[in-house]
Amino acid sequence: MMLKKTLVAAATAVAATLITGLAHAEPAKPECIAPAKPGGGFDLTCKLAQSGLQDAKLLNAPMRVTYMPGGIGAVAYNTVIANRPAEGGTIVAYSGGSFLNLAIGKFGKYTEDDVKWLAAVGADYGAIIVKADSPYQTLKDLIEATRKEPGKVVFGAGGSVGSQDWMKSALIAREAGVDPKSMRYVAFEGGGEAITALMGGHVHAYSGDASEVQGHLKGGRIKVLAILAQERLKGDLAGIPTAIEQGYNVDWTITRGFYMGPKVSDADYQWWLAAFEKLQASPEFDQLRTERGLFPYNLSGAKLTESVRKEVARYKVLATELGLTAQ
């Protein structure tokens with residue numbers, strides 16, 4: 001009995017030490033780096049963490065959002081690894097586009113194994129959009145028209161050749177048997193311009209994001225031919241089929257989350273990991289994420305790291321097939 005009491009006491013002491021260690025690891029000056037100018041997806045991701053962690057009282061000190069534009073994430077990635085590798089209070093926003101840039105070498109000498117992947121907190125998905133009165137009323141209609149007369153079907157999106165939005169159009173063109181480099185594609189400054197061009201008839205199909213279309217759908221002016229996800233989304237978009245269920249193997253999932261420097265201590269990393277896992281489990285955070293146009297996607301720690309490696313490997317294959325290289 002005495003031995004049992006001693007073991008229980010020892011276990012309790014160890015647990016208390018771990019809890020205390022995590023408590024001490026709470027950052028005094030938490031910071032989220034958005035690797036772009038204010039506005040846009042990286043800013044949204046940081047502000048989602050900022051609001052979520054503070055609303056849930058998981059952070060005592062206010063989180064500061066700082067901006068580090070350059071190379072679509074490359075400057076921030078290189079700076080954190082080379083100059084700020086051990087900052088336990090700093091997290092950096094990433095998106096699925098970060099994986100694409102890693103795959104084609106736009107982040108320089110560093111790879112996906114040079115940071116600590118922390119948590120994915122949401123996702124968006126590609127969407128193929130046409131005008132409501134378009135002659136292409138199904139994804140098959142669009143693909144067959146592209147196959148027959150590739151020079152007559154014009155795709156458009158808010159990104160240049162090699163960007164995520166271009167990739168979505170390129171994958172649809174490839175399903176039609178058309179070389180993506182020879183498809184007709186118009187690059188716009190952003191999704192708003194691309195939608196305007198679509199409504200004006202200047203492009204025939206817009207490869208955008210699911211989060212963009214909900215407001216436009218209610219107006220009855222557009223039609224979404226496919227969501228580029230593994231399975232149908234819930235809510236307002238539940239009635240829209242995926243490309244996969246229509247027989248076309250096109251999936252474009254855009255995850256959003258955070259990483260940390262490679263030399264951050266285990267105690268600091270574990271504190272953030274526990275905070276995000278608690279946050280992800282709360283219905284309040286789910287509502288906050290929905291309000292910001294993101295869909296549920298929760299991964300953290302080792303599972304996220306494994307997922308990132310798989311995604312970068314997948315993008316390397318796609319980049320080779322589509323002829324993309326770092327500029």
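The values are calculated or read from the model by the stated rules, or taken from the named source; none is laboratory data. Owing to the predicted nature of the structure, the values given are computational and were not obtained by experimental measurement. Cβ coordinates were reconstructed from backbone atoms using ideal geometry, including for glycine residues, and neighbour counts include every protein chain displayed. Side chains included, ligands, DNA and RNA excluded: accessible areas come from the protein's heavy atoms. Shrake-Rupley method; radii C 1.70, N 1.55, O 1.52, S 1.80 Å.
Share of Cα-Cα pairs in region 207-327 beyond 21 Å, in percent? Please report the intermediate quantities before stating the final value.
Working: 4027 of 7260 pairs.
Everything past 21 Å amounts to 55 percent.
When every alpha-carbon pair in the chain is counted, what percent end up more than 37 Å apart? The share of Cα pairs beyond 37 Å in the chain comes to 23 percent.
Calculated FRET efficiency, Lys218 and Asp113, Cβ-Cβ r, R0 51 Å, to nearest 0.05? Mind showing how you got there, number by number?
On the way: r = 44 Å, r/R0 = 0.86.
It comes out at approximately 0.70.
Per residue, the convex hull spanned by the Cα atoms of region 251-311 measures out at 97 cubic angstrom.
Using every pair of distinct Cα positions in region 140-189, the Kirkwood expression returns a hydrodynamic radius of 10.5 angstrom. The equivalent ellipsoid that matches the C-alpha gyration tensor of region 28-110 spans semi-axes of 24, 14, 10 angstrom, in descending order. Region 132-205 to region 94-121: how many Å between their Cα centroids? Going from one Cα centre to the other spans 27 Å. Count charges around Gly261 for me, please; just the other residues with Cβ under 12 Å from its Cβ, Lys/Arg as +1, Asp/Glu as -1. Here the charged neighbours net out to -1. A DSSP coil position with no more than 16 other Cβ atoms inside 10 Å describes the following GluC sites (Glu not before Pro) in region 200-263: Glu231. Across region 18-159, the convex hull enclosing all Cα atoms gives 174 Å³ per residue.
Which loop-located trypsin sites (Lys or Arg not before Pro) does region 89-195 contain, where loop means any DSSP state but H, G, I, E or B and the Cβ has at most 10 other Cβ atoms within 10 Å? Loop-located and lightly packed - Lys109, Lys152. Evaluated at q = 0.19 Å⁻¹, the base-10 log of the normalised Debye intensity for region 235-276, with identical point scatterers placed on the Cα atoms, takes the values -0.69.
Surface calculation, 1.4 Å probe, protein heavy atoms: Glu193 sits at approximately 90 Å² accessible.
Between the C-alpha center of region 48-76 and that of region 291-327 there is a gap of 21 Å.
Each Lys or Arg adds one and each Asp or Glu subtracts one; over the other residues with Cβ under 14 Å from the Cβ of Ala313, this totals -1.
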